[in-house]
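**Q** Pasting in a structure now, in structure tokens, and then I'll have a few things to ask.
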Amino acid sequence: MRRTTTVPPAGRSSDTGERGPALSRGLNMRHIQFIALGSAIGTGLFYGSATAIQKAGPAVILAYLLAGAAVYMVMRALGEMAVRHPVPGSFGQYAARYLGPFAGFVTGWTFVFEMIVVAIADVTAFGVYMGFWFPDTPRWVWVSAVILFIAAINTRNVKIFGELEFWLTIVKVGAILAMIAGGIVLMVIGVSFAPGESAGVDNLVTHGGFMPTGVAGLLAALAVVVFAFGGIETIGITAGEAGDPKRSIPRAVNAVPARILLFYVGTMVVIMSLVPWTQITGEASPFVQIFSALGIPAAPTILNIVVIVAAISAINADTFGAGRMLFGLAEQGQAPRAFMKVSRNGVPWLTVVVMAVALAIGAILNAVIPEDVFLIIASIATFATVFVWLMILLSHIAMRREIKQKNRPESEFRVPLWPVASWAATGMLIAVTVLLAWFPDTRVAFVVGAVWLVLLAVGYALFVKGHGRRRPELDDHTALIELPRQ
């Protein structure tokens, strides 16, 4: 069998035959791996992990493993499509191509809204964190500063964005590894965080058992844990600006899930071995407790630095992801064509400007509207994460079906255990969606998410015309396989 490779021009051919402006391919493998890694390691791990622990106890470890397995299948499905079609709009364009233009419209705009809401929350949190050192400085000063900084970075060459994200992620990963190593040291020397309690892995089973709240608690935690991995799908968007997507995307996809599981699962094991899960209230970060016990008096300051870095990293990645998705939607005719304008650096600058304005407006609204109203809006992010992952899996399943039916060249980066694993991951995400509707404290995410989809349907009917209602034709970068002549 002889193998020949064809490399179509960069970009996407629309159904009209027009080709949009090209983005700069300045991201290398190091950038892509750490962009995906940093997107899924945010302030939620440093402060928000207590919520999941309270719901399931030590069984939260199992929740992370189950969610991690589903995330890996989503990543592999996205990786196969990204290697075949390395386009800026990523899974938004894949959904439009394989499920239909309406599916692409809903997927793309849901992801954009998710990134905006999450970034607004991080922008607001940044102002709060800076108040730790400068309590007398108005928060709007810090909010304005970080928005301008992120906008400046995202209007430069994409390589600058990749470098910043790489070093910010290094800081976050370093803090997690330091906490895990320090926790192990504390267990070895026998430091106790609770009166009358010893430190050790036996704490995982001696306080009501490994699953103290039963299966219901595990399921409740699963809905929370799945959202903790949100943002990792950004790796698919990097394919449109990767220097060598056929090499970098597979390696990044295969490496990142294992690292995420190590950091999350390892962190949970260490925390609950040192502190009985019944005493983790969420009033203080477990990281501060551990660093303080190691004799580091500046533990609160160190953690503040880490969460500030985590917030900047998240805002940076969210701005990048939302901007490139808007670029892809504009290519499809499902967003204003102005979003296709590219600077001399090969960056869609107008999408960055729109994101900066949205963050500024969002930060103001977050400060002036009632807290419960903003929480309802933010709950869409939980629904959106699961919805986008479902669309990625369904798009991939449709692509695999087309490959078989039309006898197209086989993918170079196939998902493992096809089709059983893909359908199992799809079933799990559907189950998580049902869980969101079942439990009272997450039901608002399901209800608001459903309303959001209805609004998108109305928007599609009113504003999307012409080629925006037709399936896009995506360049296929898959190597062609020629059978030997008989």
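**Q** When the stretch 381-396 is examined, which residues are found to be over 14 Å from the mean Cα position of the chain (by Cα) and open to solvent by less than 10 Å² (accessible area, probe 1.4 Å)?
**A** LEU393, SER395, HIS396, listed by residue number.
**Q** Taking the stretch 126-163, which residues are open to solvent by less than 30 Å² (accessible area, probe 1.4 Å), more than 30 Å from ALA252 (Cβ to Cβ) and touching a residue at least 40 places away in the same chain (Cβ under 8 Å)?
**A** If the condition is that a residue be open to solvent by less than 30 Å² (accessible area, probe 1.4 Å), more than 30 Å from ALA252 (Cβ to Cβ) and touching a residue at least 40 places away in the same chain (Cβ under 8 Å), then GLY127, MET130, VAL143 are the ones that fit.
**Q** Going through the stretch 365-393 one residue at a time, which ones are of a type in the set (Ser, Thr, Tyr) and modelled with pLDDT of 75 or more?
**A** Answer for the stretch 365-393, where residues must be of a type in the set (Ser, Thr, Tyr) and modelled with pLDDT of 75 or more: THR382, THR385.
**Q** On to the next question. Does any residue of the stretch 401-411 turn out to be in a loop (DSSP other than H, G, I, E, B) and farther than 25 Å from PRO86 by Cβ?
**A** No, because not a single residue in the stretch 401-411 is in a loop (DSSP other than H, G, I, E, B) and farther than 25 Å from PRO86 by Cβ.
**Q** Would you pick out the residues in the stretch 146-181 that are outside any helix (DSSP H, G or I) and not hydroxyl-bearing (Ser, Thr, Tyr)?
**A** ARG156, ASN157
**Q** Take THR426 and decide whether it is polar (S, T, N, Q) and under 18 Å from LEU218 (Cα atoms).
**A** No.
**Q** Can you find, within the stretch 62-120, the residue that is nearest to GLY209 (Cα to Cα) among those that are open to solvent by less than 10 Å² (accessible area, probe 1.4 Å) and outside any helix (DSSP H, G or I)?
**A** Only one residue tops the list, namely SER90.
**Q** With touching a Gly at 6+ places or on another chain (Cβ under 6 Å) and under 26 Å from LEU350 (Cβ atoms) as the only criterion, which of VAL146, VAL158, VAL118 stands out?
**A** Just a single option satisfies the conditions, and that option is VAL158.
**Q** Please give the number of the condition ILE403 fails out of (1) open to solvent by less than 30 Å² (accessible area, probe 1.4 Å); (2) under 24 Å from the mean Cα position of the chain (by Cα).
**A** Every listed condition holds for ILE403 apart from (2).
**Q** Could you grab me the full set of residues in the stretch 412-449 that are touching a residue at least 60 places away in the same chain (Cβ under 8 Å), in a helix (DSSP H, G or I) and either of a type in the set (A, V, I, L, M) or touching a His at 6+ places or on another chain (Cβ under 7 Å) (or both)?
**A** Within the stretch 412-449, ALA421, SER422, ALA424, ALA425, MET428, LEU429, VAL432, LEU435, LEU436, VAL444, ALA445, VAL448 meet the criteria.
**Q** Oh, and also: Under the condition of being under 28 Å from the mean Cα position of the chain (by Cα) and open to solvent by 20 Å² or more (accessible area, probe 1.4 Å), which residue from the stretch 180-210 is nearest to PRO88 (Cα to Cα)?
**A** In this case the residue turns out to be ILE180.
**Q** To continue, here is another question. Does LEU453 satisfy the criteria of being within 15 Å of TYR94 (Cα to Cα) and open to solvent by 30 Å² or more (accessible area, probe 1.4 Å)?
**A** Criteria not met by LEU453.
**Q** Filter the stretch 225-254 for residues that are open to solvent by 20 Å² or more (accessible area, probe 1.4 Å), modelled with pLDDT under 80 and in contact with an Asp or Glu (Cβ under 9 Å, 6 or more places away or on another chain) and give the result.
**A** none
**Q** Find the residue count for the stretch 409-432, including only residues that are β-branched (Val, Ile, Thr) and open to solvent by 60 Å² or more (accessible area, probe 1.4 Å).
**A** 2
**Q** Considering only residues that are assigned to a helix (DSSP H, G or I), open to solvent by 10 Å² or more (accessible area, probe 1.4 Å) and polar (S, T, N, Q), look in the stretch 24-61 and name the one that is modelled with the highest pLDDT.
**A** Only one residue tops the list, namely GLN54.
**Q** Quickly run through the stretch 211-224 and pick out the residues that are closer than 17 Å to ALA50 by Cα and either at pLDDT 80 or above or not in a helix (DSSP H, G or I) (or both).
**A** Within the stretch 211-224, MET211, PRO212, THR213, GLY217, LEU218, LEU219, ALA220, ALA221, LEU222 qualify.
The values are calculated or read from the model by the stated rules, or taken from the named source; none is laboratory data. This structure is a prediction, so every number in the text was calculated from the model and none was measured. Here the Cβ is made from the backbone with ideal geometry for all residues, glycine too, and neighbour counts use every protein chain on show. Calculation scope for accessible area: heavy atoms of the full protein, side chains included, ligands and nucleic acids excluded. Shrake-Rupley method; radii C 1.70, N 1.55, O 1.52, S 1.80 Å.
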